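Have a look at the structure below before the remarks.
The values are calculated or read from the model by the stated rules, or taken from the named source; none is laboratory data. The model shown is predicted, which means the values in this text are computed figures rather than measured ones. Glycine gets a Cβ as well: all are built from the backbone with ideal geometry, and neighbour counts include every protein chain shown. The protein model used for the area step is the full one, side chains on, heavy atoms only, and it has no ligands, DNA or RNA in it. Shrake-Rupley method; radii C 1.70, N 1.55, O 1.52, S 1.80 Å.
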Amino acid sequence: MKQLIGFIVINQLFKLLSTNLVIDYLFVIPEEWTQWFDRDNPSGTGDWETLDDLRKENPGQICLDPRDIEALTVSGLTVSAAGEKIYRYDLKSGLICRNKDQDDRYCYDYKVRFSCEATSCKNVCWTKWYNRDKPTGSGDWEHLSALIKENPGSHLCSEPVYIEAVTVDGSIPAIRTGQNFYSYSPTKGLVCRNQDQSNGSCRDYKVRFGCSCS
């Protein structure tokens, strides 16, 4: 019988000392995403969704130490699906797409949001880690629909509110690897395609999902 253990996790640093327990849920202080920001349009030199400018224009709405960044085109494409050459896309700079770097000399219009540690104590229930695929074929496909289908009776919910992905080797956060992701969202899971990588190969990832505690 699976045992349920609750932990209050600060700064996402914890160690599990017992290896004899199967953990399905961890009760944590979750991270929260900001609203979407779209401060610029690519009508000039490009689309400059810089963190410094966003903070100046939206005082108090972005935390001092974001943990993650997500960007989409205003039409809903991921950065990887858009296929453009992005000059900057990180937690220090935000997102910068320069028109001069594009084959057609024009960037998409992007919006960005940032993940911050939650200031309230809303509980989120985390699943165990899942690693259903290896990047030996077309890539690493850790998509939610397949995980739910392959793990009947598990505590995977149909509409997670959070996702966390790290490498199997070294537990490096996906956002820190520098790889391009075809999909990386709570409701879709993580999909890394080998064809989108500069070296032709994805790393092997594992994922877990945060669901609203019932």
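Name the pairs: first residue in the range 55-73 and assigned by the TED database to the domain that holds Ile86, second residue open to solvent by 90 Å² or more (accessible area, probe 1.4 Å) and not basic (Lys, Arg), Cβ to Cβ under 8 Å, at least 6 apart or on different chains?
Between residues of the range 55-73 that are assigned by the TED database to the domain that holds Ile86 and residues that are open to solvent by 90 Å² or more (accessible area, probe 1.4 Å) and not basic (Lys, Arg), the close pairs are Gln61/Gln35; Thr73/Tyr108.
Go through the range 165-214 and report how many residues are free of Cβ contacts under 8 Å to residues at least 40 places away in the same chain, in contact with a Phe, Trp or Tyr (Cβ under 8 Å, 6 or more places away or on another chain), open to solvent by less than 50 Å² (accessible area, probe 1.4 Å) and β-branched (Val, Ile, Thr).
Looking only at that region, the number is 1.
State the number of residues belonging to the range 90-131 that are at pLDDT 95 or above, open to solvent by less than 40 Å² (accessible area, probe 1.4 Å), part of a loop (DSSP other than H, G, I, E, B) and in contact with a helix residue (DSSP H, G or I) (Cβ under 7 Å, 6 or more places away or on another chain).
The number of residues fulfilling the criteria is 1.
Could you list all residues from the range 168-206 that are closer than 24 Å to Gly83 by Cβ and assigned to a strand (DSSP E or B)?
Within the range 168-206, Pro173, Ser183, Tyr184, Ser185, Gly189, Leu190, Val191, Cys192, Arg193, Tyr205 meet the criteria.
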